Structure formats: structure tokens, C-alpha cells
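*Asks:* My structure is below; once you've seen it, I'll send some questions.
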Amino acid sequence: MQKITAQIHLGHIQSNAKLFSSLTKNRLCAVVKANAYGHGAEEVVNALEGIADCFAVALIEEGLEIRTAACGKDILIFTPPLTKEEGLAIAENGFIASVPDLYTAKLLSQICGEKKLPLQVHLKVNTGMNRYGMNGSMLGKVCAFLQNDPFVRVSGIYSHLYTTNEETSEEQRILFCRMLEICKRYYPHVIAHLGGTYAALLGEKFAFDMTRIGIGLYGYFPDMESKKSAKFLLQKGMTVSSSTVINRQLSFGGVGYGNKRTKEELREIQNVSICRFGYADGFLRTANNGIFHEDEILNNLCMDVCMRKSTARRGEKVLILTDADKIAKATGTISYEVLCAATRRAEFIYDDDETAFCGSNEQRTDSNTKGALARIHEKPSRRK
């Protein structure tokens, strides 16, 4: 098989989860949507089963994929149900539904009443993100409507911080507190959760009853500013590598798609390695794409192939991704997108090494890289 290889360091993910749990000192909701940000949801949930208090996903299908691995722990579905069928699937599988408006509350109440099914819901309120979520004027109506429902139980209330800015986040926290006060008039014991990884960095007053940790689990901060200000380091959850398929010397034509090269240009390049990865594997087509040793790339990526100036042996592994932040910076995006895309055609290999590391971020990157270079020649402990 010639898929790219994603080596997932479950021990690092566990270590990051424990760090955030000790930092916030409250319930930890592990966000494993989008296949655990490209790391493999089922295996990540298995690894965190003894650490996380509950899990969160975006879609019902994602909840179904991790239901067995979650071992009975709560699974919150972020996306509100659109139809009766979706609402029924949430209730039948024991998931927690998000209620962002009165329409959804009535939909779920009708479904659960007809089928005599119990259902937990978390009320989603809007503190400025303006995606899903109700404003304060609707919150009281939804609470009053569901208060005496015999099947639908409101067990939580939450929102999302829409910036990584402390001043704006404080404004949202104050608004959330006002909404929480309204909610507690009807449901005194609701679990309140406002934010994710960034909220965990802002201290105790942003922790409430639970913190949803997403990108932090996988070894990254929400942005470079929060990374610089953090007083701790995270361990990367993934390295991605490919294989060298062919080596050749160039004497005519071009270097992949594009213009013809002169003999002098081809002579200067000399040795070329053909590596089995391209933009269909989730990496940006441009040669300046931030991947590991991008300076060796000779042209834009093909759909399935990269041409490198190298003398790598046939079959030799080549590291592609060691730090998603570097790729994100080079390609004008964020680490979230890089991680989700980088394993779309990958074979997953999992290890459980939980190695503590103290030092600078630069030292950590070097350590992760050296470890990855060694691991790509080792026999994996588990495959998916």
C-alpha cells in the first residue's frame, strides 16, 4: 500500500488532556469532531476514556462512530437536529442534543413525546459567534417551554468564544453569566460551559463547570499569540510521512507539470526523488506549502506526486508534517484546517508512548521530529 502514513501519538494526546484537566480543575469535554481533528476519533476516544468526562462531535454520524469507544460517557452533538429523523437518532442513541432556538425545542419535545423517549439537551446561547445559539430574549421562552416536559431534560447550557482576545472574551463571559442566571431560575443544576482551549488559558472564571478542549488535545494552541503567552508546552499528536517511489536523473523535458526546463537547469537539479503524496492527500498544491523540508520541492505538487531534489532511496520514508503551525503560516490558514486535511487518504498508525518533555517550543519540535524519524522505521503497535 502506498498511502501516506499518519503516526498518531496517543500518549501525547493523553498527556495534553491531563494537563488541561489539571489546569481547569473541572470537567473535561474532549472534542473529537472531524475524526478527532484528523487523528482518528475512535482510537482517540479509547485513549481518553479514563481521562475525559464526556465527548463532543459535530454530527450524529460522528457520535455513532465513537459510541462504543465512549463506554457510556455522554456525547454532545453540536449541530442541532434539522428533521424528526435526526432528532430521533439522537434520542435513541442516548446522545445529548443542542437546542439553539424554540423551533428545535418543540421538535425534540414532539419526537420524545410520541416515542416516549428520554433525552438530555444542552441549551446553546449566542454570546457573539452568531452561528447556532439563541439570544437572551428567547432563552426564557425555551426554558419555560421545556420546564415541564416529561421526557426532555435540560442538563446544560453553553456558548462559544468567537475571538482569542481577552477583552472581547470577558464581554462574552459577562453576557454568558447573565444568560446562565436566567437558565438557573428554571434549572438550578445545569452544567455551564463557555469555551474551549482558549478559555482554559484565561483562568478559573472562564472554566465554569466544564471546558471543551479541542485543538489543545492534539498539541496546538488556537493561535500564535496564545501559544506565546501560555506558561506550558503541548506535545504534538501527529506526524505524517510518505514514501520515495522512484529516483531519477533529469536530462530533458520539465519537472512535473509546467514549462520545459533547459539542459543547464536540469543538470543543476541532478537527482530527483518521486514521493507518493500530493494535493489530493490534503496538502496545498504550491511548492511553498510549509511541509517538512519544503526547500527540496522542485515544483507545485501533482495530485498524487511530489518531486524533490533528493537522493533518498527507493522505499525510504520522507517526513511531510511535523508541525501544523508551520504549514498553516506558509499557506495562510490555521492549524485546525491543516490537521483535518492531512490525513484524508492516510493509513493510521498508533503508538502509546507518553513521554514527558520540558524545554522550549523549538526544542520540542526538534524532539518530535527526531522521534518521528526513528518511529517511521518501527513496527506499529496498532493499525486502523
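Since every read-out is calculated from the coordinates, none of them should be taken as a lab result. Being a predicted model, the structure only gives us computed values, none of them experimental. Every residue, glycine as well, gets a Cβ built from its backbone with ideal geometry; the counts of neighbours run over all protein chains shown.
*Asks:* Could you work out which residue, out of 294, 268, 166, moves most in a Gaussian network model of the chain, that is, has the largest mean-square fluctuation with Cα springs under 10 Å?
*Replies:* Looking only at 294, 268, 166, the biggest GNM fluctuation is shown by 268.
*Asks:* Based on DSSP, what percent of beta bridges with both residues in the chain are antiparallel, to the nearest 5? Don't skip to the end; give the middle numbers.
*Replies:* Values: 20 of 51 bridges.
Bridges in the chain that DSSP calls antiparallel: roughly 40 percent.
*Asks:* Determine the dipole magnitude for region 25-109: charges of +1 sit on the beta-carbon of Lys and Arg, -1 on that of Asp and Glu, nothing else is charged, the reference point is the Cα centre, and the result goes in debye to the nearest 20. Before the final figure, lay out each step's value.
*Replies:* Working: 7 positive and 12 negative charges, 67 e Å.
Around 320 debye, computed over region 25-109.
*Asks:* Helix-only mean residue ellipticity at 222 nm, the chain, DSSP H runs n ≥ 4 weighted -39,500 (n - 2.57), per residue, nearest 500. What is it? List each step's numbers first, then the result.
*Replies:* Numbers: 14 runs with 141 residues, N = 384.
My calculation for the chain gives -11000 deg cm²/dmol from helical runs alone.
*Asks:* Charges on Cβ only, +1 for Lys and Arg, -1 for Asp and Glu, centred on the Cα centroid of region 154-209; of 175, 206, 189, which one is farthest towards the dipole's positive end?
*Replies:* 189
*Asks:* Which value, in debye to the nearest 20, gives the size of the charge dipole of region 262-304 about its Cα centre, when Lys and Arg are +1 and Asp and Glu are -1 at the Cβ? Before the final figure, lay out each step's value.
*Replies:* Details: 4 positive and 8 negative charges, 28 e Å.
Result for region 262-304 is approximately 140 debye, rounded to the nearest 20.
*Asks:* What does the charge count around residue 341 come to, taking other residues whose C-beta lies under 13 Å from its C-beta (Lys +1, Arg +1, Asp -1, Glu -1)?
*Replies:* Numbers: positive: 285, 344, 345; negative: 281, 337.
Taking every Cβ under 13 Å from that of residue 341, the sum is +1.
*Asks:* In debye, nearest 20, what is the charge dipole magnitude of the chain about its Cα centre with +1 on Lys and Arg Cβ and -1 on Asp and Glu Cβ, if you could check?
*Replies:* On the way: 48 positive and 43 negative charges, 104 e Å.
Dipole of the chain, to the nearest 20 debye: 500 debye.
*Asks:* While we're on this one: Mind checking which helices in the chain clear 18 Å along their axis (Cα) and have mean Kyte-Doolittle hydropathy of 0.0 or more, DSSP H runs only?
*Replies:* Working: long enough: 10-24 (21 Å, 0.19); 102-115 (20 Å, 0.16); 166-186 (30 Å, -0.71); 361-375 (21 Å, -1.71).
Qualifying helices: 10-24, 102-115.
*Asks:* Could you check the simple spin-label distance between residue 92 and residue 259, using points 7 Å along Cα→Cβ, in nm with one decimal?
*Replies:* In this crude label model, residue 92 to residue 259 measures out at 6.1 nm.
*Asks:* What residue among 257, 158, 186 shows peak mean-square fluctuation when the chain is described by a Gaussian network model with Cα springs under 10 Å?
*Replies:* Result for the chain, Cα springs under 10 Å: 257 fluctuates most.
*Asks:* Given the options 266, 332, 51, identify the residue whose Cα lies farthest towards the positive end of the charge dipole of the chain (+1 on Cβ of Lys, Arg; -1 on Cβ of Asp, Glu).
*Replies:* Projecting each Cα onto the dipole axis, the largest value belongs to 266.
*Asks:* Still on this structure, I have one more. Beyond a 23 Å Cα-Cα separation, which of these cross-linked pairs lie in this structure: 33/205; 33/231; 25/227; 18/227; 84/124; 33/228? Kindly include the intermediate steps, with their values, before the conclusion.
*Replies:* On the way: 33/205 26 Å; 33/231 27 Å; 25/227 21 Å; 18/227 18 Å; 84/124 19 Å; 33/228 26 Å.
With Cα atoms farther than 23 Å apart: 33/205; 33/231; 33/228.
*Asks:* Let me ask something else about it. For the chain, modelled as a GNM with alpha-carbon contacts under 10 angstrom, which of 229, 310, 15 fluctuates the most?
*Replies:* Maximum fluctuation in the GNM of the chain, among the listed residues, is at 229.
*Asks:* Which entry in (1) 0.99; (2) 1.05; (3) 1.02 matches Rg/Rh (Cα atoms, Kirkwood Rh) derived from the coordinates of this structure?
*Replies:* Structure-derived value, by its label: (2).
*Asks:* Looking at region 204-299, which trypsin sites (Lys or Arg not before Pro) are in a loop (DSSP not H, G, I, E or B) and have at most 16 other Cβ atoms within 10 Å? Don't skip to the end; give the middle numbers.
*Replies:* Values: sites: 205, 212, 227, 228, 231, 236, 248, 260, 261, 263, 267, 276, 285; in loops: 231, 236, 260, 261, 276, 285.
Filter output for region 204-299: 231, 260, 285.
*Asks:* Let me ask another. When we measure straight from the Cα of residue 115, which aspartates and glutamates land under 18 angstrom away, once same-chain ones fewer than 8 places off are left out?
*Replies:* Straight-distance partners of residue 115: 85, 86, 92, 149.
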